[in-house]
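Undergrad: First, the structure itself, so that you have it in front of you.
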Amino acid sequence: MEWRGRRGSNNIEDRRRAGGGARAGGIGGAGVIIVLLLGWFFDVDVSGLLNDPGAQGGGQATLTAEDEEMGQFVSVTLADTEEVWAGIFRDQLGRTYQAPTLVLFSGTTSSSGCGGASGATGPFYCPGDKKVYLDTDFFATLERRLGAAGDFAAAYVVAHEVAHGVQDQLGILGRANQERAQVSEEDSNYISVQIELQADCFSGVWARNAANLNAPDRADLEEAINAARRIGDDTLQASAGQQPMPHTFTHGTSEQRSRWFATGFQSGDIADCDTFSTDQL
């Protein structure tokens, strides 16, 4: 993925210099990833288990050259999503796309309507304030602990969260969450899977249309599909030393996530991403 020297987005809110909290340092090696996986899967903030007791919160944080480069990468990727989705909304839907703001943070930060954000919760889109929240340390976890390396794997993560913003604008996310609040936990989990798989499909649609901007090649595509596989519920549970339990899945299996991304990429049409009408997710 060629991204250096390209236009970045103006919709970036960089809070990483604010010194929002300590980075994961209290647990080493495999312990970090196991705690993170348990936190993401069970929707529990495990930042208290990850923070380095000796680290000082507050103050002004210093960004490394790597931090600066990663911020630029996210900005360029976000700009790509803005251009692609503006075109899709205009040409396919006859609407105007409202691009979300992406908040970069380090350690912890706060959101309006979705509570606190931390590296332990993973990247997420908040419908309350229409913002995507991302601790760029997640990319290191994705590569070093989950085995999903490459620029396009990281771009897939950004595109997936932006896709939730697309769902929000189309009214899909609100309707699905209303239904989730009225059904059993198991049924709610199933609807969550439908939401997440559609976001994966929308990410594939973005990647297909982004070919006109940055020409992702087959290696890029494989990076994204590999990332989707690596963060399937069944794979994450197994990585955390647990027996996969389908009734608890909230994002979909590795096979489902990679397949729906590929579906969006092959089609390039959001009409082919209706995960809510199919019995064969």
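Undergrad: All but one of (1) among the hydrophobic types (A, V, I, L, M, F, W, C); (2) under 26 Å from residue 87 (Cβ atoms); (3) touching a strand residue (DSSP E or B) at 6+ places or on another chain (Cβ under 7 Å) hold for residue 105; which doesn't?
TA: So residue 105 meets the others, but not (2).
Undergrad: Here is a further query. Any chance you could count how many residues in region 149-201 are of a type in the set (Phe, Trp, Tyr) and over 25 Å from residue 103 (Cβ atoms)?
TA: 1
Undergrad: Same structure again: Can you find, within region 117-155, the residue that is surrounded by the most Cβ atoms within 10 Å (Cβ to Cβ) among those that are assigned to a strand (DSSP E or B) and at pLDDT below 80?
TA: Per the criteria, the residue is 117.
Undergrad: Here is a follow-up. Quick one: what pairs do we get from region 176-198, first residue free of Cβ contacts under 8 Å to residues at least 12 places away in the same chain, second charged (D, E, K, R), C-beta under 7 Å, 6+ apart or different chains?
TA: That search, which allows pairs on different chains as well, returns 188/180.
Undergrad: So which pairs qualify, if the first residue must be in region 69-87 and on the phi < 0 side of the Ramachandran plot and among the small types (Gly, Ala, Ser), the second must be assigned to a helix (DSSP H, G or I) and crowded, with 19+ Cβ neighbours inside 10 Å, the Cβ gap must be under 8 Å, and the two must be at least 6 apart or on different chains?
TA: Note: pairs meeting the criteria are 71/16; 87/209.
Matching residues to (1) more than 15 Å from residue 134 (Cβ to Cβ); (2) in contact with a Pro (Cβ under 7 Å, 6 or more places away or on another chain); (3) not in a strand (DSSP E or B):
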{"residue": "67", "(1), (2), (3)": "no, no, yes"}
{"residue": "72", "(1), (2), (3)": "no, no, yes"}
{"residue": "75", "(1), (2), (3)": "no, no, yes"}
{"residue": "86", "(1), (2), (3)": "yes, no, yes"}
{"residue": "90", "(1), (2), (3)": "yes, no, yes"}
{"residue": "95", "(1), (2), (3)": "yes, no, yes"}
{"residue": "98", "(1), (2), (3)": "yes, no, yes"}
{"residue": "103", "(1), (2), (3)": "no, no, no"}
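Undergrad: Write out, first by first residue and then by second, each pair whose Cβ atoms fall under 6 Å of each other, whose residues are 6+ apart or on separate chains, and whose first residue, in region 109-128, is within 14 Å of residue 14 (Cα to Cα) and polar (S, T, N, Q) while the second is at pLDDT below 85 and surrounded by 17 or more Cβ atoms within 10 Å (Cβ to Cβ).
TA: Within 6 Å, the pairs are 109/20; 109/117; 111/117.
Undergrad: Then there's this: Got a sec? Which of 210, 271 is small (Gly, Ala, Ser) and either touching a helix residue (DSSP H, G or I) at 6+ places or on another chain (Cβ under 7 Å) or in a loop (DSSP other than H, G, I, E, B) (or both)?
TA: 210
For (1) out of contact with any strand residue (DSSP E or B) (no Cβ under 9 Å at 6 or more places or on another chain); (2) among the hydroxyl-bearing types (Ser, Thr, Tyr); (3) part of a helix (DSSP H, G or I); (4) surrounded by fewer than 16 Cβ atoms within 10 Å (Cβ to Cβ), each residue gets a yes or a no:
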position: 165; (1), (2), (3), (4): no, no, yes, no
position: 187; (1), (2), (3), (4): yes, no, yes, yes
position: 192; (1), (2), (3), (4): yes, yes, yes, no
position: 196; (1), (2), (3), (4): yes, no, yes, no
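Undergrad: Filter region 243-267 down to the residues that are polar (S, T, N, Q), farther than 22 Å from residue 187 by Cβ and without any contact (Cβ under 8 Å) to a residue 60 or more places away in the chain and list them by number.
TA: Passing the criteria: 254, 258.
Undergrad: Could you run through region 155-168 and say how many residues are closer than 19 Å to residue 252 by Cα, in contact with a helix residue (DSSP H, G or I) (Cβ under 6 Å, 6 or more places away or on another chain) and not polar (S, T, N, Q)?
TA: Going through region 155-168 one residue at a time, the tally reaches 7.
Undergrad: Which numbered condition trips up residue 171, out of (1) more than 22 Å from residue 139 (Cα to Cα); (2) touching a helix residue (DSSP H, G or I) at 6+ places or on another chain (Cβ under 9 Å); (3) among the small types (Gly, Ala, Ser)?
TA: The number of the failed condition is (2).
Undergrad: Follow-up. Could you look through region 261-275, keep only residues that are under 20 Å from the mean Cα position of the chain (by Cα) and farther than 17 Å from residue 218 by Cα, and pick out the one that is surrounded by the most Cβ atoms within 10 Å (Cβ to Cβ)?
TA: 273
Undergrad: If you don't mind, there's one more thing I want to ask. How many residues, within region 234-253, are surrounded by 19 or more Cβ atoms within 10 Å (Cβ to Cβ) and within 15 Å of residue 199 (Cα to Cα)?
TA: Qualifying residue count for the region: 3.
The values are calculated or read from the model by the stated rules, or taken from the named source; none is laboratory data. Model, not experiment: these values are computed from the prediction. For neighbour counting, all protein chains shown are included, and Cβ atoms are generated from backbone atoms with ideal geometry for every residue, glycine included.
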